[in-house]
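Asker: Pasting a structure below so you can have a look.
No lab work stands behind these numbers, since they all come straight from the coordinates. This structure is a prediction, so every number in the text was calculated from the model and none was measured. We place every Cβ from the backbone using ideal geometry, glycine too, and count neighbours over all the protein chains shown.
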Amino acid sequence: MRDKLPQNFLVLPIDQYYDLDFLELMKRHNMNQTILRSLVTLTVVPISTTKKYGNISMIGSRIVKHEEKKTGKKTLISAFAAVCDKQIFDYIPKGKIEWGLQKEVYPKLIERRAMSGYIINTPIFNIHSEKDIKRLIRYLKNK
């Protein structure tokens, strides 16, 4: 698979809708890659509570910490869309069938100072039910 991908590629959850300029995200990743040597640029969103989300800490554009479900006031959380350099495959556990970006890969990249964040202030819709689809349709009609 690695050989079939361009040097930088998008990783998107299939159950979310983003009102986001993905070209701008790619440009930001190219800048982060050049200046900060980032292998991943992850979209992050400011929220007012972290009770059910992981908390992301950044210094400038660099992600320096990710803590799962730590309670706190206004903070940043992952929006899950990301641009990755294909060197990310070097961080995927070899021979392991079940693994996750958030649990196995991203912590290694953060430790190596190779992960950046891109703060977005646009709506993100999780689409898991008919109710979610109707909410998205209402949003798109009123946009």
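Asker: Per residue, how much space in cubic angstrom lies within the convex hull of the C-alpha atoms of the stretch 100-143?
Answerer: Residue-normalised Cα hull volume stands at 84 Å³.
Asker: Let me ask you something else. For the chain, find the longest principal axis of its Cα atoms and tell me its angle to the long axis of helix 130-142, 0 to 90°, nearest 10.
Answerer: Approximately 80 degrees, to the nearest 10.
Asker: In addition: Mind ranking 118-125, 34-41 by how tightly packed they are, going by the mean number of other C-beta atoms within 10 angstrom, highest first?
Answerer: 34-41, 118-125
Asker: Now for a different question. Roughly what angle does helix 22-36 make with the longest principal axis of the chain, taking Cα atoms, 0 to 90 degrees, to the nearest 10?
Answerer: Roughly 30 degrees, rounded to the nearest 10.
Asker: Roughly how big is the chain's charge dipole about its Cα centre, with Cβ charges of +1 (Lys, Arg) and -1 (Asp, Glu), in debye to the nearest 20? Before the final figure, lay out each step's value.
Answerer: Details: 26 positive and 14 negative charges, 80 e Å.
Value, rounded to 20: 380 debye.
Asker: Now a separate question. Once you have the Cα-Cα distance between V64 and K131, take 0.36 nm times their residue separation minus that, and quote the gain in nm to one decimal.
Answerer: Full-extension gain reported as 20.5 nm.
Asker: Can you find, among M1, I110, S48, the residue farthest towards the positive end of the dipole of the chain? Put +1 on the C-beta of Lys and Arg, -1 on that of Asp and Glu.
Answerer: Going by the charge dipole, the pick is S48.
Asker: Mind listing P(r) for the stretch 2-142? All alpha-carbon pairs, 10 Å bins, whole percents.
Answerer: Result returned by the calculation: 11, 38, 36, 13, 1.
Asker: Here is a further query. Tell me, how many Å apart are the Cα centres for the stretch 106-143 and for the stretch 7-35?
Answerer: Their Cα centres are 12 Å away from one another.
Asker: Ordered by packing density, taken as the mean number of other Cβ atoms within 10 Å over each peptide's residues, highest first, how do 128-138, 104-114 rank?
Answerer: Ranked by mean Cβ neighbours within 10 Å, highest first: 104-114, 128-138.
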